[in-house]
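Quick one: structure below, then a few questions.
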Amino acid sequence: MALARVLGPVRATGLGAGSMLGAGIFVAVGPVVGRAGDAAVPAVLLAATVAGLNATASARLARRMPAAGGTYVFARDRLGPTWGHLAGWVFVVGKTASCAAMALAVGAHLWPGHATSAAILAVVTLTLVDLAGARRSADALTASAALVVIVVGGSVLLLLERGAVVAPAPPTDGLDVVQAAALLFFAFAGYARLATLGEEVRDPERTIPRAVAVSFVLVTALYLLVALAVSRALPADVASASDRALADAVDTLGHPALSTVVAATAVVAAGGALLSLLGGVSRTVLAMARDRHLPARLARESSRGVPASAQVAVSLVVVAALPFVGAVEAVAASSGCVLVYYALTNASALTLDGSGFLSLMARIGAAGCLLLVLALPLAGVLWTLGVVLVGLLAGRVTRR
């Protein structure tokens with residue numbers, strides 16, 4: 001049974017922007033500044049460039065194959081069942097880690113000192129919202145994105161107007177910049193939520209590419225400004241150790257009321273991204289369950305046309321993981337898996353008819369993803385390799 005098509009251009013664009021303006025802008029910017037220092041802006045540009053290439057490939061594929069599941073479906077149909085299963089596997093694992101990062105970001109800003117308890121409450125609450133249907137989720141994300149743009153944009157302008165308050169960081173080498181881009185990449189990957197909603201978007205051939213483009217440009221501009229402002233307001237070591245770097249930077253302005261507003265906005269933004277991710281992962285689980293790569297009971301839908309069984313299962317896994325991970329560790333765990341997923345997206349796009357320029361973009365996108373994976377810290381590379389190997393093995397078992 002197909003899911004209900006309830007999302008028009010405005011809701012789709014708001015959903016895409018809200019998915020990217022979450023833990024990345026409030027949490028991941030700290031480790032990026034810590035590694036890249038004054039070169040944080042080039043790191044953001046590198047992550048955005050690779051993500052932009054991936055977004056182009058995702059939009060082309062979603063326009064041709066508007067079905068729930070995103071690259072799992074694309075790779076399955078264009079590359080074969082083995083690669084489809086791997087795409088779904090790394091997406092579910094990587095995005096589950098992203099869900100944990102988002103939830104912990106909510107907890108760190110909402111209830112400092114009790115982040116895990118607040119994170120669990122956030123997952124339960126937002127799961128109930130997602131179960132109400134895609135339209136309500138999109139409305140919540142659109143409102144969240146608008147709030148973030150207003151509050152974060154105003155705060156960043158105040159920080160930039162004041163100028164730098166810390167000494168320039170020591171020069172960084174190219175590897176530091178690439179590694180910072182690899183860690184930040186997961187924050188840009190929220191546009192994939194639109195690809196996984198192919199069955200729930202009206203006129204997907206026109207709506208999805210436009211929504212991806214508009215939300216991506218808006219988010220990239222805001223990330224650039226935030227990275228620049230944080231690198232001028234906080235020393236690199238302080239930013240690296242913080243799981244609320246933007247809020248800490250705003251604290252240096254000495255306006256308690258503004259700091260409170262920023263912390264509240266962080267809760268809304270990270271919560272909005274968590275809302276989106278929980279829904280996105282559940283749609284991929286739904287598609288894999290339909291193909292019996294996961295238990296068939298996970299393909300059950302509610303009377304609202306929502307993949308309720310998959311939604312609840314994903315949320316339970318996230319809640320179980322929260323006591324054992326930190327926000328920065330969850331970001332690192334997510335990044336490698338997400339990059340492998342988008343390498344497969346670009347590989348799938350290479351099988352489409354199109355101009356030589358579009359094929360070149362897909363090749364560069366795939367190469368960029370693999371470069372960023374290899375630039376991760378050694379633990380991240382080994383984690384990603386382990387997830388890929390387990391995914392390939394699981395794929396062979398389920399096919400038999």
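The values are calculated or read from the model by the stated rules, or taken from the named source; none is laboratory data. Computed from a prediction, not measured in an experiment: that's the story for all the values here. Virtual Cβ from ideal backbone geometry, glycine too; neighbours counted across all protein chains shown. Only protein heavy atoms, including side chains, enter the accessible area calculation; ligands, DNA and RNA are left aside. Shrake-Rupley method; radii C 1.70, N 1.55, O 1.52, S 1.80 Å.
Go through the residues of region 303-322 one by one and say whether even a single one is within 18 Å of Ala55 (Cβ to Cβ) and of a type in the set (Ser, Thr, Tyr).
Within region 303-322, none of the residues are within 18 Å of Ala55 (Cβ to Cβ) and of a type in the set (Ser, Thr, Tyr).
What are the residues in region 310-331 that are touching an Asp or Glu at 6+ places or on another chain (Cβ under 8 Å) and either open to solvent by 40 Å² or more (accessible area, probe 1.4 Å) or under 14 Å from Val124 (Cβ atoms) (or both), if any?
Gln311, Val328
If you don't mind, another one. Among the residues of region 48-101, what is the count of those that are assigned to a helix (DSSP H, G or I) and in contact with a Lys or Arg (Cβ under 6 Å, 6 or more places away or on another chain)?
The number of residues fulfilling the criteria is 1.
Still on this structure, please answer the following. Can you tell which of Ala257, Ala289, Ala233 is surrounded by fewer than 24 Cβ atoms within 10 Å (Cβ to Cβ) and over 23 Å from the mean Cα position of the chain (by Cα)?
That would be Ala257, the only listed residue that is surrounded by fewer than 24 Cβ atoms within 10 Å (Cβ to Cβ) and over 23 Å from the mean Cα position of the chain (by Cα).
Each row is one residue, and each column tells you yes or no for (1) in a helix (DSSP H, G or I); (2) out of contact with any strand residue (DSSP E or B) (no Cβ under 6 Å at 6 or more places or on another chain); (3) modelled with pLDDT under 80; (4) over 24 Å from Leu274 (Cβ atoms).
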site	(1), (2), (3), (4)
Ala4	no, yes, yes, no
Arg11	yes, yes, no, no
Ala40	yes, yes, no, yes
Val44	yes, yes, no, no
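A further question follows. Give me a count of the residues in region 223-263 that are in contact (Cβ under 8 Å) with a residue 40 or more places away in the chain and either among the small types (Gly, Ala, Ser) or within 16 Å of Leu104 (Cα to Cα) (or both).
Residues that pass the stated criteria total 16.
Among the numbered criteria (1) open to solvent by 20 Å² or more (accessible area, probe 1.4 Å); (2) more than 29 Å from Leu392 (Cα to Cα); (3) assigned to a helix (DSSP H, G or I), which single criterion is violated by His109?
So the condition that His109 fails would be (1).
A follow-up question, please. Evaluate region 378-386: report whether one residue or more is in contact (Cβ under 8 Å) with a residue 12 or more places away in the chain, polar (S, T, N, Q) and within 30 Å of Ser117 (Cα to Cα).
Yes: region 378-386 contains one or more residues that are in contact (Cβ under 8 Å) with a residue 12 or more places away in the chain, polar (S, T, N, Q) and within 30 Å of Ser117 (Cα to Cα).
Among (1) open to solvent by less than 40 Å² (accessible area, probe 1.4 Å); (2) more than 22 Å from Pro66 (Cβ to Cβ), there is one condition Gly279 misses while meeting the rest; what is its number?
(2)
If you don't mind, another one. Go through (1) touching a residue at least 40 places away in the same chain (Cβ under 8 Å); (2) open to solvent by 10 Å² or more (accessible area, probe 1.4 Å) for Gly80 and report which single condition fails.
Among (1) touching a residue at least 40 places away in the same chain (Cβ under 8 Å); (2) open to solvent by 10 Å² or more (accessible area, probe 1.4 Å), the lone unmet condition for Gly80 is (1).
For the subset of region 332-364 comprising residues that are over 20 Å from Gly69 (Cβ atoms) and open to solvent by less than 10 Å² (accessible area, probe 1.4 Å), which member is modelled with the highest pLDDT? Steps first, answer last, please.
Within region 332-364, the first condition is being over 20 Å from Gly69 (Cβ atoms), and the residues that meet it are 332-333, 335-336, 353-361, 363-364.
Right, trim to open to solvent by less than 10 Å² (accessible area, probe 1.4 Å) and you get 335-336.
Numbers: Ser335: 91, Gly336: 94.
In this case the residue turns out to be Gly336.
Just checking: which of the helices (runs of 4 or more DSSP H) contained wholly in region 184-264 hold 1 or more residues that are in contact with a Ser or Thr (Cβ under 7 Å, 6 or more places away or on another chain) and either over 22 Å from Leu46 (Cα atoms) or at pLDDT below 90 (or both)?
Because the criterion is at least 1 residues that are in contact with a Ser or Thr (Cβ under 7 Å, 6 or more places away or on another chain) and either over 22 Å from Leu46 (Cα atoms) or at pLDDT below 90 (or both), the helices (runs of 4 or more DSSP H) in region 184-264 that meet it are 192-196, 204-233, 245-251.
Applying the selection to region 68-77, what residues are within 20 Å of the chain's Cα centre (by Cα) and either open to solvent by 30 Å² or more (accessible area, probe 1.4 Å) or of a type in the set (A, V, I, L, M) (or both)?
In the first step, residues of region 68-77 are kept if they are within 20 Å of the chain's Cα centre (by Cα); the result is 68-75.
Correct list: Ala68, Val73, Ala75.
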